[in-house]
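Contents: one structure, followed by commentary.
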């Protein structure tokens, strides 16, 4: 990975204006498309396939009079009067007539109708007028809402001293917006960047790249609204996360660039190395965040899946922007990115800071000494503190948002509060029971019996309506609970109603279902709760594998995951303390405590896991980098911490600021989400990663980097530390001008399969490798990037071995004739012909002596002759007996006879013999020389 990113960073630096132009074109195209094809956001919380959703959809088809959406107008009579007074009733009925005349209103129900119960409060001070509107709530326009609000205002004006407020389902949507407070958060990020990077030019780059990434991801999101249903919470989450990770990723790469410039590197080389090393950590960190966000789809709830997918798109865009436009900006800035003191020193002819010079201790040097002096004590203190802060989470209650959580003064909130005051809390969360009564010969009696049974259940305040539809095939029962929609007791009532289904089936021979907005919200919460465990297993399990691949360790991934669990517990605990129990509610402008939005736990688990792994990768990869380059394990903890701590601190402060400044003015669900993320990020960065991690790493010492040898061989190398890149840079001039240009091999060996091999090949050369099938396969697959050798090194077609296997596979061609001889596969000649057409610098054919058909042997002959005549590629033939292919090779060639390695997997036996071709005794080839 580091080699690829090195080339990408160098290319973006060299072609900086072209790179910037491409990004501007992308922004313009996406922005224009978003303006033309974008739709609207909504707050539709539904679960396709859930019993409550199925029942609601069925009700819309069989009982359209109670389907669609609704608005509720509550009227409170003037002091000393009641709603049955003639003057009050006349004004209310006049207002109802005006509402019924609106072209988008389907029907208006009167609280004075003898068939309607419960629409007038017990003290007769208040009455409710229900307005039925066809279609979904998100289809109602702002102009239509304004017309309904205006009707309520006219009624209030017609009744001096009264209160009339319009609310209900169509007013429940509250799309979060941006305010000056969020801008202050970006300002704090700029100050931190100035302090960390020490340059106005450098500090502006992370903000610029983060805003670019957010703009691109938001354009994609707006385009998607034209084709999919997306919650209004999604864009705010995408912006929060996109800003935070966009700034952090750019900061990490830029800080490494400035560090390398301080060591005297050329700006282009510094940019390439920064993208290769720090960029590798950014790629992996972004990948963990993306995995966690996409994993939200495990809950199988559409709106949550959409939130996760589009937030993941924002993170992916932030990674791509950091790896491409950032090195382009480095190229535009050039020498101005170099620290001023270093520039002055270099201008005066003095050397820049030597890369091996000891890093200054400073605050972080002192801190790591403190936390690692008695590491066991540090671990115990952190664990005890984490447990204490987690304890309040025992009182965590969850629910989906309702109008009672809207800002005070909004129509939905005013109506909600008035209905709760005059009719009880359950009136804001009515339940519906539907019954299939098509086979009943007494539909009215059945509905009356069901209503009587429901009235006797605990938790039921009233049953205002119980009636069959006009076709007498579907029954409808409206239930007002004694508790509010987000109260756990309401969920208990839903379960009691569902438990009555078999009773009604036996007694009335009808099937029933519980539905309504409140029941659907309860089902959403239940499914979210059930998804937490599989989600955690998926995200944590997959990320454990990735961490093991990156750090080549067992202890580091396990420690990283346990630290994440501590951060999650603390975030839950403090969020419960503030938003559920109300402690410090004024500090976050919380109007009243209550349940937390039900998808916060799974959302917080996903996002915080990704962010926690960001800091883990940034910090521990630097420790591993120092350890890989020769530092003892415990010393690498100190040097790596000092090298990365300032960047991690700055990144965490910025992340905290971006989240925290969404809290005071955040609306609805955003406020607790932003608070939980801010608390979780701060605790994870400063307590877990910068206190617990160095203590545990110092406690483990060399054991921290232990990995079983069998697992080491099976795990692909991620090379986050740029170890392969450092090796390639160190061997950039190897093997020298006299070595083979197609392949130069020194001591290449595979344990148990191939003894050490040395050879040189130039374009036009032909090498015949004679030996056992396993030995030949080990050599040829190692030379073609399909196996990693255990020892030795090589330069094949310009690619270092071991190194980039993908690049080596692109520059070589490999044909195993045994594969083509298997049933169902084409003739081996076709594979060789394809190899001849592609003309890679090195062509390898194993089992060449086993070719029996004339077509196959002719194809091999053409490959060899073409290579010898055009001298643009070398050919390696793997055979069991060299004499079989002697007639195919017209010119000089080399013969390599492989010997089996020492038995038992120990040290290799004698080196293989490199002999002259039998028919050309003058073509003597010595190891490493021609």
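Suppose we filter 670, 654 for residues that are farther than 30 Å from residue 399 by Cβ and in contact (Cβ under 8 Å) with a residue 24 or more places away in the chain; which single one remains? Quick ask: steps written out before the conclusion?
Details: 670 fails: farther than 30 Å from residue 399 by Cβ.
Checking each option against the conditions leaves just 654.
Residues in region 579-600 that are buried (at least 24 other Cβ atoms within 10 Å of the Cβ) and part of a helix (DSSP H, G or I): 579 only.
Give the residue that is surrounded by the most Cβ atoms within 10 Å (Cβ to Cβ), with candidates limited to residues of region 724-760 that are in contact with a helix residue (DSSP H, G or I) (Cβ under 9 Å, 6 or more places away or on another chain) and in a loop (DSSP other than H, G, I, E, B). Selected residue: 753.
Each row is one residue, and each column tells you yes or no for (1) at pLDDT 75 or above; (2) surrounded by fewer than 20 Cβ atoms within 10 Å (Cβ to Cβ); (3) in the same structural domain as residue 856 (by TED's automatic domain parsing); (4) more than 21 Å from residue 750 (Cβ to Cβ).
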{"site": "795", "(1), (2), (3), (4)": "yes, no, yes, no"}
{"site": "798", "(1), (2), (3), (4)": "yes, yes, yes, yes"}
{"site": "819", "(1), (2), (3), (4)": "no, yes, yes, no"}
{"site": "822", "(1), (2), (3), (4)": "no, yes, yes, yes"}
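Within the option set 512, 490, 575, 483, being out of contact with any helix residue (DSSP H, G or I) (no Cβ under 6 Å at 6 or more places or on another chain) and either crowded, with 18+ Cβ neighbours inside 10 Å or assigned by TED's automatic domain parsing to the domain that holds residue 294 (or both) holds for one residue only, 490. Scanning region 387-401 for residues that are part of a strand (DSSP E or B) and surrounded by fewer than 23 Cβ atoms within 10 Å (Cβ to Cβ) gives a single hit, 398. Note on region 348-376: among residues that are more than 18 Å from residue 640 (Cα to Cα), at pLDDT 70 or above and over 35 Å from the mean Cα position of the chain (by Cα), the one that is surrounded by the fewest Cβ atoms within 10 Å (Cβ to Cβ) is 348. Of all residues in region 866-883, those being surrounded by fewer than 15 Cβ atoms within 10 Å (Cβ to Cβ) and part of a helix (DSSP H, G or I) number 3.
Looking at 316, 311, just one residue is assigned by TED's automatic domain parsing to the domain that holds residue 624, surrounded by 24 or more Cβ atoms within 10 Å (Cβ to Cβ) and in contact with a helix residue (DSSP H, G or I) (Cβ under 8 Å, 6 or more places away or on another chain), and that residue is 311. Only residues that are assigned to a helix (DSSP H, G or I) and in contact (Cβ under 8 Å) with a residue 24 or more places away in the chain were counted in region 531-554, giving 16.
Is it fair to say residue 57 is surrounded by fewer than 17 Cβ atoms within 10 Å (Cβ to Cβ), at pLDDT below 85 and not in a loop (DSSP other than H, G, I, E, B)? Yes.
Let's see how each residue does on (1) crowded, with 22+ Cβ neighbours inside 10 Å; (2) under 20 Å from residue 299 (Cβ atoms); (3) at pLDDT below 85; (4) out of contact with any strand residue (DSSP E or B) (no Cβ under 9 Å at 6 or more places or on another chain):
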site: 475; (1), (2), (3), (4): yes, no, no, no
site: 479; (1), (2), (3), (4): yes, no, no, no
site: 503; (1), (2), (3), (4): no, no, no, yes
site: 519; (1), (2), (3), (4): yes, yes, yes, no
site: 522; (1), (2), (3), (4): yes, yes, yes, no
site: 526; (1), (2), (3), (4): no, yes, yes, yes
site: 532; (1), (2), (3), (4): no, yes, yes, yes
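Out of all the residues in region 606-614, is one or more over 30 Å from residue 701 (Cβ atoms), part of a helix (DSSP H, G or I) and touching a helix residue (DSSP H, G or I) at 6+ places or on another chain (Cβ under 9 Å)?
Step one: of region 606-614, the residues over 30 Å from residue 701 (Cβ atoms) are 606-607.
Restricting the remaining residues to those that are part of a helix (DSSP H, G or I) gives 606-607.
Of the ones still in play, those that are also touching a helix residue (DSSP H, G or I) at 6+ places or on another chain (Cβ under 9 Å) are 606-607.
Within region 606-614 (the criterion being over 30 Å from residue 701 (Cβ atoms), part of a helix (DSSP H, G or I) and touching a helix residue (DSSP H, G or I) at 6+ places or on another chain (Cβ under 9 Å)), the answer is yes, since at least one residue qualifies.
Among the residues of region 262-288, those identified as crowded, with 24+ Cβ neighbours inside 10 Å and over 19 Å from the mean Cα position of the chain (by Cα) are 270, 271, 272, 273, 274, 275, 276, 277, 278. Within region 402-438, restricting attention to residues that are assigned to a loop (DSSP other than H, G, I, E, B) and surrounded by fewer than 20 Cβ atoms within 10 Å (Cβ to Cβ), the residue that is modelled with the lowest pLDDT is 407. Considering only residues in region 160-180 that are crowded, with 23+ Cβ neighbours inside 10 Å and at pLDDT 75 or above, the one that is nearest to residue 93 (Cα to Cα) turns out to be 164. Say whether the condition of being part of a helix (DSSP H, G or I), over 25 Å from residue 646 (Cβ atoms), at pLDDT below 75 and assigned by TED's automatic domain parsing to the domain that holds residue 24 is met by at least one residue in region 212-225. For region 212-225, residues part of a helix (DSSP H, G or I), over 25 Å from residue 646 (Cβ atoms), at pLDDT below 75 and assigned by TED's automatic domain parsing to the domain that holds residue 24: absent.
Condition check ((1) at pLDDT 85 or above; (2) under 18 Å from residue 769 (Cβ atoms)) across all residues:
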{"site": "826", "(1), (2)": "no, no"}
{"site": "839", "(1), (2)": "yes, no"}
{"site": "843", "(1), (2)": "yes, yes"}
{"site": "847", "(1), (2)": "yes, yes"}
{"site": "853", "(1), (2)": "no, no"}
{"site": "859", "(1), (2)": "yes, no"}
{"site": "862", "(1), (2)": "yes, no"}
{"site": "866", "(1), (2)": "yes, no"}
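The values are calculated or read from the model by the stated rules, or taken from the named source; none is laboratory data. Keep in mind the model is a prediction, meaning the values are calculated, not measured. Note: ideal-geometry Cβ built from the backbone for every residue, glycine included; neighbour counts use all protein chains shown.
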